[in-house]
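*Asks:* Sharing a structure below in structure tokens format, with a few things to ask.
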Amino acid sequence: MKRLGLMSLLLITLSGLMAAAWFLSQEDSPLFRPIQQYKLTSANEHVTAKEIDRVMQSYLGLSFWEVDLEAIQSELIRLDWASSARVKRSWPDQLYVQIEEQTPAARWGESALVNQRGVVFYPTDLKGFDNLVVLEGQLSESANILMALSEYQAVLSPIKFIISRIQQKPDGVWVISTLKGSSIVLDKTQPVAKLKSFVAAYAKLSKALRKSPQVYDLRYSNGFIIGKIKSLILPMPNAADNAFEK
């Protein structure tokens, strides 16, 4: 009997809550409170007020109690530069909106950007980001390519090679382009170790070689091949001008 009484009380409570929610959502109810306005609490550089307003206008006038905050957040996140969004109610008729913007770390090809977590996003305007390193490869590998950029740049910094573009080909081969015009080709077998060996040997090359752009092919276990830059085709050993052996 006691258990039956508790279940009855629970059902009555739930019914009361449902009735109250329905009553509060009815426009002719004295307790109905429509959303009258929203306030943006974040300072945004790229997400425009016009974009935000276009989303928020469709929610103004809805019940304060029933407005779907998750739906609003989902729409705001779909804006070009939005990384995350948070919407809160503020009694009696206001919403607070906070948007965190994407922080670009690199470009992805010619039409997108990569954030600091390695996630690719596609803003309509890329102006102002021409100086970022360009990453290329399979979309699913974007985070790994960004991590490789950090690792490879740290190794190459002592010889003042600044990476301008890094590409991972489907077969795992890396092509690294530098601001000086030189390129480095790596395979997927111990690429960092091979880069370190290259950096250690670089000072032993002639000044003439170091002065002009070269292609350094590091896909060898006991040295590397140096070839003139003539095209985008990767140099083969028999087309190289010079070779350095450990």
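The values are calculated or read from the model by the stated rules, or taken from the named source; none is laboratory data. Keep in mind that what you see is a predicted model, and the values were worked out from it rather than measured. Neighbour counts run over all protein chains shown; Cβ positions are idealised from the backbone, glycine included.
*Asks:* Would you check which residues across segment 159-183 are within 25 Å of the chain's Cα centre (by Cα) and over 21 Å from Asp130 (Cβ atoms) and list them?
*Replies:* Gln168, Lys169, Pro170, Asp171, Gly172, Val173, Trp174
*Asks:* Quick one: which residue in Gly181, Gly172 is out of contact with any Cys (no Cβ under 7 Å at 6 or more places or on another chain), surrounded by fewer than 16 Cβ atoms within 10 Å (Cβ to Cβ) and within 18 Å of Gly227 (Cβ to Cβ)?
*Replies:* Just one listed residue meets the conditions, Gly181.
*Asks:* Would you point out the residue of segment 201-211, among those that are of a type outside the set (A, V, I, L, M, F, W, C) and surrounded by 12 or more Cβ atoms within 10 Å (Cβ to Cβ), that is modelled with the highest pLDDT?
*Replies:* If we take residues in segment 201-211 being of a type outside the set (A, V, I, L, M, F, W, C) and surrounded by 12 or more Cβ atoms within 10 Å (Cβ to Cβ), then Tyr202 is modelled with the highest pLDDT.
*Asks:* With the condition kept exactly as written, say whether any residue in segment 190-206 is assigned to a loop (DSSP other than H, G, I, E, B) and closer than 22 Å to Ala148 by Cβ.
*Replies:* The answer is yes, given that some residue of segment 190-206 is assigned to a loop (DSSP other than H, G, I, E, B) and closer than 22 Å to Ala148 by Cβ.
*Asks:* Can I ask one more? So which residues in segment 122-158 are of a type in the set (Val, Ile, Thr), surrounded by 15 or more Cβ atoms within 10 Å (Cβ to Cβ) and over 14 Å from the mean Cα position of the chain (by Cα)?
*Replies:* Val155
*Asks:* Exactly one of these conditions fails for Tyr96: (1) touching an Asp or Glu at 6+ places or on another chain (Cβ under 9 Å); (2) exposed (fewer than 15 other Cβ atoms within 10 Å of the Cβ); (3) among the aromatic types (Phe, Trp, Tyr). Give me its number.
*Replies:* It is condition (1) that Tyr96 fails.
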